[in-house]
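Structure first, commentary second.
The values are calculated or read from the model by the stated rules, or taken from the named source; none is laboratory data. Computed from a predicted model, the values in this text were never measured in an experiment. Note that we place each Cβ from the backbone using ideal geometry, even for glycine, and neighbour counts take in every protein chain shown.
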Amino acid sequence: MNREKKKIDWSEERWKDMLVYQRKFLWLEDTLDKLAVWLGFKPGMTVIDAGCGLGNLGYTYWPYFGEGGRYIGVDMSPELIRDATQTAMDWAKNGEASFMVGDAYKLPFPDDYADCTMCQTLLMHLEKPELALTEMLRVTKPGGLVVCAEPDNLSSMLEHHYSSLPELDLEEELLCHKSAIIGNLGRIKLGRGDNSIGRKIPMMMSRLGLVEIDARLNDRVSHMEPPYEGPVQQHQLMSVKKYCSLDDDKEHEFFLQREKEEFLAGGGDPEDFERLIKIGDRIRPIHKQQIDHGEFFACGGSQFYIIKGRKRLT
């Protein structure tokens, strides 16, 4: 098995799509208002976004700091930087938004530069998240904030989900939970990041000397119920239909192979992985049929954290 630590090219369509649809409707509008107060965003601030992708964090929080402010997005992908620069022309009004190619492990700024340095779903993909967090701290002014929006996807995978799909028997459910833990161990060993990073960041910040560390959870509930009314449920419906469809065999095979690599790297039994595939093959047609007939329903939350810490004044 090839265990080369190859970085994801987020400009590839399969990944770039995630940068769009996974962030659409990510936060409730009134929650963003409260978070902006909690974070202390004010007009005129200088904000760095490490691993900015298409600039979603800039777009999201611009109304709170952008008037006379400055947003600088940094990403390793020239293609994403190009696209983010173009789209920012539509939302970055009355302030300055710019983008540059750069490495999260070596941010292209001097010490004590920004009022706030932030990231979203960056640390979860890094082999050395502590190093990136250290860089974010370095470029933040004394008294400024370091802000990380990161998930604990592993905990979400271990939840007992409620939906119209058939219940798995106990052994199958235990196997699914076991495989999630093993797969995350393999993900870490392969240098692909950590699916449980969200809950670890407060202690990482503490070890780096940040103070006033605090955290919030996303309060958006994923709720789907026929007839799937409104833009949020329609967006979720589109995502579920994509998951249920195997029209693109190459795409399905790509992600299945990644899962297998991580499972085996974590010490998983190949026979267990084949059992997992059979469970998926059994449930997916039922899922598709329920969607096609307008019968599928589901309700549940996610473990998506936003964590802040303040750089000491001295």
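Tabulated values for the structure
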item	result
Residue among W62, W38 that is farther than 22 Å from G143 by Cβ, aromatic (F, W, Y) and either surrounded by fewer than 22 Cβ atoms within 10 Å (Cβ to Cβ) or in the same structural domain as L123 (by TED's automatic domain parsing) (or both)	W62
Tally, over the range 156-174, of residues that are assigned to a helix (DSSP H, G or I), in contact with a helix residue (DSSP H, G or I) (Cβ under 7 Å, 6 or more places away or on another chain) and polar (S, T, N, Q)	0
Answer from S156, S206 - the residue that is closer than 23 Å to L122 by Cβ, crowded, with 16+ Cβ neighbours inside 10 Å and not hydrophobic (A, V, I, L, M, F, W, C)	S156
Positions within the range 108-136 being more than 16 Å from the chain's Cα centre (by Cα), more than 19 Å from T314 (Cα to Cα), in a loop (DSSP other than H, G, I, E, B) and charged (D, E, K, R), in sequence order	K128
Filtered residue count, the range 137-155, keeping only those that are touching a Leu at 6+ places or on another chain (Cβ under 7 Å) and either assigned to a helix (DSSP H, G or I) or without any contact (Cβ under 8 Å) to a residue 12 or more places away in the chain (or both)	1
Conditions (1) surrounded by 14 or more Cβ atoms within 10 Å (Cβ to Cβ); (2) under 19 Å from Q303 (Cα atoms); (3) not assigned by TED's automatic domain parsing to the domain that holds G40: number failed by C119	(3)
Residues of the range 257-309 classified as modelled with pLDDT of 95 or more, within 30 Å of I213 (Cα to Cα) and surrounded by fewer than 19 Cβ atoms within 10 Å (Cβ to Cβ), total	0
Residue match in the range 175-187 (condition: of a type in the set (S, T, Y) and modelled with pLDDT under 95)	no
Residue within the range 205-222 that is in contact with a Gly (Cβ under 9 Å, 6 or more places away or on another chain), part of a helix (DSSP H, G or I) and assigned by TED's automatic domain parsing to the domain that holds C119 present	yes
Some residue of the range 73-93 being touching a Cys at 6+ places or on another chain (Cβ under 9 Å), part of a strand (DSSP E or B) and under 17 Å from M45 (Cβ atoms)	yes
Residue pairs meeting the criteria (Cβ under 8 Å; at least 6 apart or on separate chains; first in contact (Cβ under 8 Å) with a residue 60 or more places away in the chain and among the aliphatic types (A, V, I, L, M), in the range 90-119; second surrounded by 15 or more Cβ atoms within 10 Å (Cβ to Cβ) and not in a strand (DSSP E or B))	A114/V139; M118/L57; M118/M136
Selection status of E159, modelled with pLDDT under 95, charged (D, E, K, R) and out of contact with any Ser or Thr (no Cβ under 6 Å at 6 or more places or on another chain)	yes
Residue ID - nearest to G183 (Cα to Cα), chosen from residues in the range 235-256 that are over 21 Å from the mean Cα position of the chain (by Cα) and exposed (fewer than 13 other Cβ atoms within 10 Å of the Cβ)	E253
Single unsatisfied condition, R192 versus (1) surrounded by fewer than 19 Cβ atoms within 10 Å (Cβ to Cβ); (2) basic (K, R); (3) farther than 30 Å from L313 by Cα	(1)
Condition met for K189 (among the charged types (D, E, K, R) and either over 30 Å from D112 (Cα atoms) or under 14 Å from the mean Cα position of the chain (by Cα) (or both))	yes
Any hit, the range 289-299, residues being in contact with a Gly (Cβ under 7 Å, 6 or more places away or on another chain), in a loop (DSSP other than H, G, I, E, B) and touching a residue at least 40 places away in the same chain (Cβ under 8 Å)	no
